[in-house]
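A short worksheet on the structure shown next.
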Amino acid sequence: HFHRASTLQLPELSSNHNPPSSPYLPQLITTGTATNTMKACILLSATLLIAQGTWALIPATPGEQTRRAITSTKEKISQIRSTNLPPRIYIDYLIPLPPATTDADIDPWPGGLAQMYPYAEDIVRDILTGVVEESAREKCSSQVLSASDCCGFFIQESPLSPELDVAAVLFPGPDQFDKMKEIEAMVGDQRTLIIFNRQFTRPEDFGMFKKGEAKGFMDKYEWAFAFQEIACRGEDVKRTYEQSLGWQVAVVDENGREIEIKDSSWDVKVRPDYNTLEAKINEMMPEPLWMRKMQEVSEKGLKFQRKE
């Protein structure tokens, strides 16, 4: 027996739907849903990109990242349902930098998760509305799980069936482990539960006494979409995961070029770790970034001395 998503409320939590209080949290109010015309335009744009052979490994815009996240998540949910397992998935979304960010900013997010929260909340609502067929944005309810840790809980109701409702936990960390287990039990085996931009990466993050239980919890989750950036051997590395493509990696060099890093022996279902990436980057790009910069200075001079 399934209850409607509106009944999925933690009794000990406040029903206040406002994001955690912080001077970095402007109140973002979003209303309305994408029209059929907008959806058709997005689909047409994607079709044209593929037809023209310009489909990039790295999403070029936040809108493209959201669209690809929605498509991959729907595919992953369908694939998991075909195995009769509970849909439990991870999404790692690269939140765009604030509009006021400049090259001089050492840290574009000085407020941390509190500053990111309103942007991430809006993204979560966009993705949930896109994943749940024929849903409306105003049917996405939310509440704060932890104001201090900036962790939120979202539920998107489906007008077709309670089993098609989708829930998401935003920014959960080890301190929310008990809440995540409680939410998972309430969601049940048929509804989808998304862990969105998790603040943990391994069972050991949950502490010595909980790492065994945490491993069992994490093993139930599969990647639905990821767009991650890391520094590897001083290079700007992007990792992406989409259900239809698996894990892909690219280096964005000092000229903004996207260089795909891949090996025929890699299993695209397995995310390549740091050491694997470093070895492949050393093979494909023998000259490190600092050496390439030195060569540029030798050929063109210092930037302030150039006439270009």
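Let me check I've understood the local charge: for Glu204, count other residues with C-beta under 11 angstrom from its C-beta, Lys and Arg +1, Asp and Glu -1. What total comes out?
Within the 11 Å Cβ shell, the charges total +3.
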Highest-first arrangement of 186-195, 95-104, where packing means the average Cβ count within 10 Å:
186-195, 95-104
For the stretch 225-282, which trypsin sites (Lys or Arg not before Pro) are both in a DSSP coil and crowded by at most 10 other Cβ atoms within 10 Å?
Arg257, Lys269
Could you check the simple spin-label distance between Arg202 and Lys300, using points 7 Å along Cα→Cβ, in nm with one decimal?
4.0
Give me the extension gain from Glu278 to Trp290: residue separation times 0.36 nm, minus the current Cα-Cα distance, reported in nm with one decimal.
2.8 nm
Here FRET efficiency (C-beta to C-beta, Ala104 to Arg257, R₀ 30 Å, nearest 0.05) is 0.80
For an R0 of 25 angstrom, estimate the FRET efficiency from the Cβ-Cβ distance between Gln190 and Gln228 and round to the nearest 0.05.
0.25
In whole percent, and with a 1.4 Å probe on the protein chains, what portion of the accessible area of the stretch 68-117 is carbon and sulfur?
58
How many nm is it between the label spots at Glu163 and Lys215, if each spot is 7 Å from the Cα in line with the beta carbon?
3.4
Quick one: which residues, 5 or more positions from Ile261 or on another chain, have an amide H under 5 Å from its amide H? H modelled 1.01 Å from N in the peptide plane, none for Pro or chain starts.
Val249, Ala250, Val251
How large is ³J(HN,Hα) for each residue in the stretch 230-241, as worked out from phi by the Karplus curve 6.51 cos²θ - 1.76 cosθ + 1.60 (θ = phi - 60°), to whole Hz, x for Gly and Pro?
9, 9, 9, 6, x, 9, 7, 10, 10, 10, 10, 9
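The values are calculated or read from the model by the stated rules, or taken from the named source; none is laboratory data. The shown structure was predicted, so the numbers you read here are calculated from the model rather than taken from an experiment. Cβ atoms come from the backbone with ideal geometry, glycine included; neighbour counts cover every protein chain shown. Surface areas here come from the heavy atoms of the whole protein model, side chains and all, with no ligands, DNA or RNA. Shrake-Rupley method; radii C 1.70, N 1.55, O 1.52, S 1.80 Å.
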